[in-house]
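Trainee: Quick one: this structure, given as structure tokens, is what I'll be asking you about.
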Amino acid sequence: YEQRNYSKVMREITSLGDKVNKYVNDYAPWNLVKTDLEKAREVVTVSSNCAKVLFTYLAPVTPKISAEIQKLYQ
């Protein structure tokens, strides 16, 4: 953001989001909940925390949505 290279920032954030999506898809907590409740809880918690971080990164671009997400974590 400081260098005003917004397209690069968005690519980086998108790349991080893709990694989180892959993590969720690889572990499939919707299936894990049937066999390993603790692991499913871990995957959902990690994913939720990653979403919080990603929305923090997006706050300058999507301030209203990011503010609403932050309320969920207070």
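Trainee: Can you tell me which residue within the range 27-42, out of those that are open to solvent by less than 80 Å² (accessible area, probe 1.4 Å) and among the charged types (D, E, K, R), is nearest to the chain's Cα centre (by Cα)?
Mentor: Among those residues, the one meeting the criterion is K39.
Trainee: Would you point out the residue of the range 43-74, among those that are in a helix (DSSP H, G or I) and open to solvent by 90 Å² or more (accessible area, probe 1.4 Å), that is nearest to Y1 (Cα to Cα)? Before the answer, list the steps.
Mentor: We begin by selecting, within the range 43-74, every residue in a helix (DSSP H, G or I); these are 43-58, 63-72.
Restricting the remaining residues to those that are open to solvent by 90 Å² or more (accessible area, probe 1.4 Å) gives 57, 64-65, 68, 71-72.
On the way: Y57: 10, K64: 18, I65: 18, E68: 22, K71: 24, L72: 25 Å.
The qualifying residue nearest to Y1 (Cα to Cα) is Y57.
The values are calculated or read from the model by the stated rules, or taken from the named source; none is laboratory data. Worth saying up front: this structure is predicted, and the values here are computed from it rather than measured. These accessible areas exclude ligands, DNA and RNA; they are computed on the full protein's heavy atoms, side chains included. Shrake-Rupley method; radii C 1.70, N 1.55, O 1.52, S 1.80 Å.
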